[in-house]
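Structure first, then comments.
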Amino acid sequence: MMNIKYKPADKTDIELIFELNKALIDEYENIEAIDYQKVLSWVRNKIEAHIQEYICVVLDEKKVGYYYFHDADGKMEIDDFYVFPQYRNMGIGTEILKNCISETDLPIFLYVFANNKGAIAFYQKLGFQVTEIIKGSRYIMQRI
C-alpha cells in the first residue's frame, strides 16, 4: 500500500497548477479555435479563487500531484487532476480516483482533451465513459 497523503493546496501552489493547465492546453487544445489569453485568464482566476479547495497529493513527503474535487450542480467534478510525469504509472492516479469515488454517492464527471488518449484510457479503466463532446477538442467523461 502506498503512503499517499492529501493536504490542502495553498497560494504557493497556484503557479505550478496554472503551468500544468497551460501545458495541457498548449499540447491538446486547438489554439486557433480559442481566445487563448481569455482561456488562460479564466484558468488562473479559477485556480486563485479556489486554491484552498485544491488538494495536494504527497507521497513519501514529496508532492506528486494535485486535484480539485468539487460539487457542480449536484454532481461531483474532478478538475485539474495531475500526477507529475515522473510519478505516473505507479498506481498513484488510480489511488486518487478511488479515493474520490469513495467520498461520494453522486455521479462524478471530468473534462478531458479528446487527443489525450492516455488519460481517456486511464479514466475508462476506472469506469468513466464519454458522455459529451465539447467543440470537438474535449470530452466530458462520467462515472455513473
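Give me the extension gain from V130 to I14: residue separation times 0.36 nm, minus the current Cα-Cα distance, reported in nm with one decimal.
Numbers: separation 116, 0.36 × 116 = 41.76 nm, distance 2.91 nm.
Between V130 and I14, full extension yields 38.8 nm more.
For the chain, give the share of DSSP beta bridges that are antiparallel, in percent and rounded to the nearest 5; count only bridges with both residues there. Don't jump to the answer; show the numbers that get you there.
Working: 28 of 30 bridges.
Around 95 percent of the beta bridges assigned by DSSP in the chain are antiparallel ones.
If I compute log10 I(q)/I(0) by the Debye sum over Cα atoms at q = 0.19, 0.21, 0.22 Å⁻¹ from the structure I just sent, which labelled value in (i) -1.32, -1.61, -1.73; (ii) -1.05, -1.30, -1.44; (iii) -1.08, -1.23, -1.30 lines up?
Recomputing log10 I(q)/I(0) by the Debye sum over Cα atoms at q = 0.19, 0.21, 0.22 Å⁻¹ here picks out (i).
Based on the Cβ-Cβ distance from A23 to D105, what FRET efficiency comes out when R0 is 22 Å, to the nearest 0.05?
Details: r = 33 Å, r/R0 = 1.52.
So the FRET efficiency works out to roughly 0.05.
Report the charge-dipole magnitude of the chain in Debye, nearest 20, computed about the Cα centre from +1 at each Lys and Arg Cβ and -1 at each Asp and Glu Cβ. Before the final figure, lay out each step's value.
Values: 17 positive and 22 negative charges, 74 e Å.
For the chain, the charge dipole is close to 360 debye.
Counting only C-alpha contacts under 8 Å and six or more residues apart, can you give the relative contact order of the chain as a whole percent?
Values: 193 pairs, mean separation 29.1, N = 144.
Over the chain, the number comes to 20 percent.
Tell me what the chain gives for mean residue ellipticity at 222 nm when only DSSP H runs of n ≥ 4 count, each as -39,500 (n - 2.57), the sum divided by the residue total, rounded to 500 deg cm²/dmol. Write out the running numbers ahead of the final one.
Working: 4 runs with 50 residues, N = 144.
Here the helix-only value at 222 nm equals -11000 deg cm²/dmol.
According to a simple spin-label model (label point 7 Å from Cα along Cα-to-Cβ), what is the distance in nm between E53 and D71?
1.0
Bear in mind these aren't lab numbers, they're just calculated from the coordinates by the rules spelled out. Here the structure is a predicted model, which is why all the values come from computation and not from measurement. Counting neighbours? That spans all protein chains shown, and the Cβs are built from the backbone with ideal geometry, glycine included.
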